[in-house]
Amino acid sequence: MSEKQTVDVPAKVFITGANGFIGRALARRYRVLGSEVAGVDFKADPEWGVVAGDLTRRDNWTDALRGAATVIHCAAIVSNTVTMDKAWAVNVKATADLISASAAAGVDHFVQLSSVAAFGFDFTSRVGEEHPLRPNGNPYVDTKIASEHIVLASHARGLIDCTIVRPADVYGPGSHPWIVLPIEMMKSGKFILPANGQGIFSPVYIDDMVEGLVLTTTRKEGRGQIFTIGGGVEVTCSEFFSYHAEMAGCRSPRTMGLAPARALAESAGFITRLFGGQSELGKGTMDMLARKAGYSIKKATHLLGYEPQVDLKEGMRRSRDWARETGLI
C-alpha cells in the first residue's frame, strides 16, 4: 500500500471474531499501519486487545467499541450444515445489533465481512458485485444475503457509513477450512471432491485479502460499496487440492460425480453429527465445491487500486512451510 493510500488509516479499529484466521491477520496489519486495535471473541486475549464476549448479547464488548473509528465485522457462523435458526441469530440478528451499538458509540465506518457464498453456487460465468442474489435454502448463503441487506439499509438511511466485502476462498497458514481440514481429511481417507474435481475454486491468499480489506477502510471510494476481494484467478478443485494431497502424502484428491458425492456427504455428515461430532460434509459443501465459475475483482481494482500479489504456488509454499512447522504434516 502506498503512502498516499494510508493517510486515512483509522486511529482505532475494532474487530469482531478477532481471534480468528482473518481477524488476527487484520489486527497484525493495522498495528503495522499504526492503528490501535481492539476486538471481541469468545475468548479474551489482553495482549491483542481482545475482550471475551458474545455478539448475541450486549455485554462488555460494547465498552471496547468506545473510540473506534472503524468496526470490521468478521465474526460469523461459517458453515453449510448449521441450522437456519442458529445461523440467523449470529449472522443476521447480531449484525443488526452490532451496527446499532457501533452507531451509538460514534463509530464512523462499519465494514461487513460477507462472502462470495452470497452469490450462491449456480452461476455459469464470472460474476461481479451487480449479480442478483438468490436465496437457495443453504443457511450460510441465505443469512449472508440477509445480513448484507441490513448493512446496506443502515448505510442508506444515514445511520453509519458501511462497506460490504465479499472474500473469495481465503487460504494460507492457519486457514482451517482450506488448509488444515483438507489435509486432516485426506490423511483419514474422508476427503472427496464432487463434479469429478472440475468444480471451480477461487483462491486468495490471506495477505492479499487483508490488503484489499484495509483499502476499503483507507479509501473514501469504499464507502457505501460492495467489493469482491479475490485472487483474480480460478483453478479447478482438483488443482487446488492437489497441493494438500502432496502435503498429506496422497496420490491425488478422491473425486466422483456431483450426485453421488452429495449423497455420500449427506450420509457421512449426518452420522458424524448424530454421534456428537462436527462435520461440514453435506450437500451444501458439495455444491460449493462444484461451482462452474469464479468472481470478478475489477471493481476493487478500479475503485481501490487493489492488486493481489501472492500467486497460488507461492501461497501454497508458505502454507506448506507453516504446516511443517506446526506438525500438521
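The values are calculated or read from the model by the stated rules, or taken from the named source; none is laboratory data. On a predicted model such as this, the values are computed, not experimentally measured, just so you know. All Cβ positions, even for glycine, are placed from backbone atoms using ideal geometry, and neighbour counts span all protein chains on display.
The table below lists the values:
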read-out	value
Selected residue (criterion: nearest to ALA68 (Cα to Cα)) from residues of the stretch 114-137 that are hydrophobic (A, V, I, L, M, F, W, C) and assigned to a loop (DSSP other than H, G, I, E, B)	LEU133
Selected residue (only one of GLY17, GLY67, GLY39, GLY23 is out of contact with any helix residue (DSSP H, G or I) (no Cβ under 9 Å at 6 or more places or on another chain), within 23 Å of ILE164 (Cβ to Cβ) and not acidic (Asp, Glu))	GLY23
Candidate set from the stretch 210-227 (those that are of a type outside the set (Ser, Thr, Tyr) and touching a Gly at 6+ places or on another chain (Cβ under 8 Å)); member that is modelled with the lowest pLDDT	ARG219
Qualifying helices (runs of 4 or more DSSP H) (wholly inside the stretch 175-268; at least 2 residues being over 30 Å from VAL37 (Cβ atoms))	181-187, 237-248
Residue in the stretch 271-288 that is at pLDDT 95 or above and either surrounded by fewer than 19 Cβ atoms within 10 Å (Cβ to Cβ) or closer than 22 Å to PHE119 by Cβ (or both) present	no
Given (1) over 22 Å from MET209 (Cα atoms); (2) of a type outside the set (Ser, Thr, Tyr); (3) assigned to a helix (DSSP H, G or I); (4) under 19 Å from the mean Cα position of the chain (by Cα), index of the condition ALA300 fails	(1)
Count of the stretch 166-193 residues which are hydroxyl-bearing (Ser, Thr, Tyr) and farther than 28 Å from GLU129 by Cα	1
Residue that is nearest to GLN198 (Cα to Cα) [pool: residues in the stretch 212-259 that are among the hydroxyl-bearing types (Ser, Thr, Tyr) and over 23 Å from the mean Cα position of the chain (by Cα)]	THR255
Pairs with Cβ under 6 Å, 6+ apart, first in the stretch 112-130 and of a type in the set (S, T, N, Q), second in a loop (DSSP other than H, G, I, E, B)	THR124/LYS292; THR124/ALA293; SER125/ALA293
Selection count where residues are more than 26 Å from GLY20 (Cα to Cα) and β-branched (Val, Ile, Thr), scope the stretch 104-130	2
The listed residue being among the acidic types (Asp, Glu), closer than 21 Å to ASN196 by Cβ and out of contact with any Ser or Thr (no Cβ under 7 Å at 6 or more places or on another chain), out of GLU325, GLU266	GLU266
Listing of strands (runs of 3 or more DSSP E) fully contained in the stretch 35-113 that carry 1 or more residues being surrounded by fewer than 19 Cβ atoms within 10 Å (Cβ to Cβ)	36-41, 50-52
Any hit, the stretch 112-128, residues being out of contact with any strand residue (DSSP E or B) (no Cβ under 9 Å at 6 or more places or on another chain) and farther than 30 Å from GLU266 by Cβ	no
